[in-house]
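A.B. asks: Just passing along the structure, written as structure tokens.
Read-outs: derived from the displayed coordinates by stated rules, not from any lab. As the structure is a computational prediction, the values presented were derived from the model and not from experiment. Note that we place each Cβ from the backbone using ideal geometry, even for glycine, and neighbour counts take in every protein chain shown.
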Amino acid sequence: MVRARSRENPSHSNTDLALWTVLPFASSAFNLSPKRRRCWMRANYNVLLRNQGNAPVTFTLNALDDEEQLNYQFGEDTLTIEPGSSKRTNLIVRPNHWLWWGKAQQHRFSVQARPQSEGNQHSDSGQVTQQVFFARWMFMLIVVSIIPMLASLWFWYRPQIIDLRTTTTVPVAGDEVMIRWAVTNGPTVQLLINETPVPRITDPSYHIIGEGFTTPPEIKLIARNWMLGSASRSLSVSLIAPTRTPTITPSIERTATPLPTETPIPPPLVEISIPPTEAPPTNTPTITPTPTSQALCIAGSSLSISGQAPPGTPLLLYFDERPVGGGFSDANGNYSIQLGRVLETPGNYVVSVRIRDNGQILRSLTCIVPSPTPVDSPTPDFDLLDEFPTNEAE
């Protein structure tokens, strides 16, 4: 209904019926926020659409970039909006490749909203800055942090030589010698004797020198590991030799014979033949069998002592509480030790075989060194000289 009113006389008016038709029209608004983002792997954006027309509108969302370095994911690809209302959806932007180091990269992209019916197409642009995982300052911080850690690890894992010794404190010259050591954090060891490397070590924890030493050696052990750590330790070894006493030659005491007395009247000259005087026989000592706990040790001779012991045990041979030799028992526990030349004074001496580590006596016997028998030399008989005349008597 349309009412008409007079301007001259406002109290006069008239009405009439009419038909008013409003045609549909399209009007909308589009917004992308925020415009810039920084990220390592993904960035989130909001897309807002508002329908300002008088009819429902359906929009289709799309995004793209010129370099095609980004991947897009909308919460809803299609939005249907009633007149006078609005809708919002999420947009996730992901770079196709990660940046581990270097410089940050900027990517520009655009988002488009196209209506399925009549209407205007909307477009808005955004920017995402892709950060690197390890920036230059971060790399320097990691290097500065790793260097003390590596130094601490190297210091903690450096090789250490805990022990270096010979099984016998003072080995006997020429006897078998075993060198033992204990090393931590050092899988590779090198043994040097008198500055000469040993080509092949018996075991990772010990080495046996069968021929022994003739002069005091200088032993050095070097331990290394995979972290370029090394440690060294030296050992000076003194040697002892069996005590050799000079051979005592028995001296023969001569008995003084009184001189003959001259007589004024010599007896008549008689030719007397003097029979040769035979030297008395020399008494040679006879070796008699002795029990197992005794042995006859003749000066200048050697003696072999054998027996049973725990397998692989280092042994020492003592002569009258003095170490004179040694060796090792074999895998079956048998041993045989050679007693060197006996150059001792006559008497009884205790010979024993002992374990080097604890001094346990495995076998003990008495070594008897006999006294040498002197050889008697003939003494001239001065009584027969009285029967011969002298020049003065003639």
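A.B. asks: Between S238 and Q160, what FRET efficiency comes out of the Förster formula 1/(1 + (r/R0)^6) with R0 = 25 Å and r the beta carbon distance, rounded to 0.05?
C.D. replies: 0.45
A.B. asks: Cβ neighbours within 10 Å, averaged per peptide: list 15-22, 206-213, 95-102 in order, most packed at the top.
C.D. replies: Result, highest mean Cβ count within 10 Å first: 206-213, 95-102, 15-22.
A.B. asks: If you don't mind, another one. Using Stokes-Einstein with the Kirkwood hydrodynamic radius over Cα pairs, what translational diffusion coefficient do you get for region 1-157 at 20 °C and a viscosity of 1.002 mPa s, in µm²/s rounded to a whole number?
C.D. replies: Calculated translational D: 105 µm²/s.
A.B. asks: In addition: Where does each of I337, I142 land when they are ranked from fewest to most other beta-carbon atoms within 10 angstrom?
C.D. replies: If I rank by nearby Cβ atoms, fewest first, I get I142, I337.
A.B. asks: Using only the Cα atoms of region 89-229, what do you get for the radius of gyration and for Dmax, in Å?
C.D. replies: Values for region 89-229 (Cα only, Rg and Dmax): 34.4, 114 Å.
A.B. asks: Then there's this: Given the options P204, P187, L164, identify the residue whose Cα lies farthest towards the positive end of the charge dipole of region 160-236 (+1 on Cβ of Lys, Arg; -1 on Cβ of Asp, Glu).
C.D. replies: Value: P187.
A.B. asks: List the lysines whose alpha-carbon lies under 25 Å from that of K103, not counting same-chain residues fewer than 8 positions away?
C.D. replies: K35
A.B. asks: If you don't mind, there's one more thing I want to ask. Contour minus end-to-end for Y72 and N31, with contour as 0.36 nm per residue of separation and end-to-end as the Cα-Cα distance?
C.D. replies: 13.1 nm
A.B. asks: Starting from 0.36 nm per residue, how many nanometres of slack lie between T366 and I92 once their C-alpha separation is accounted for?
C.D. replies: Result for the pair: 88.5 nm of gain on full extension.
A.B. asks: ³J(HN,Hα) across region 162-176 via Karplus (A = 6.51, B = -1.76, C = 1.60, θ = phi - 60°), whole Hz, x for Gly/Pro?
C.D. replies: Along region 162-176, the couplings run 7, 8, 8, 7, 9, 4, 9, 4, 10, x, 8, 4, x, 8, 5 Hz.
A.B. asks: Here is a further query. Take each of the peptides 303-310, 321-328, average the number of other beta-carbon atoms within 10 Å over its residues, and list them starting from the highest.
C.D. replies: 321-328, 303-310
A.B. asks: Here's something else I'd like to know. May I ask for the distance between the Cα centers of region 123-167 and region 6-83, given as a whole number of Å?
C.D. replies: Spelled out, the Cα-based centre of one part sits 55 Å from the other.
A.B. asks: Further question: What ranking do M1, M149, M178 get, fewest neighbouring Cβ atoms within 10 angstrom at the top?
C.D. replies: Listing M1, M149, M178 from fewest to most nearby Cβ atoms yields M1, M149, M178.
A.B. asks: Now, a different point. To the nearest 0.05, how large is the calculated FRET efficiency for A182 and V143 if R₀ is 45 Å and r is the Cβ-Cβ distance?
C.D. replies: Once rounded, the FRET efficiency stands at 0.75.
A.B. asks: What number, in nm² with one decimal, is the all-direction average of the projected area of the convex hull of the alpha-carbon atoms of region 160-236?
C.D. replies: Answer in nm², one decimal: 4.8.
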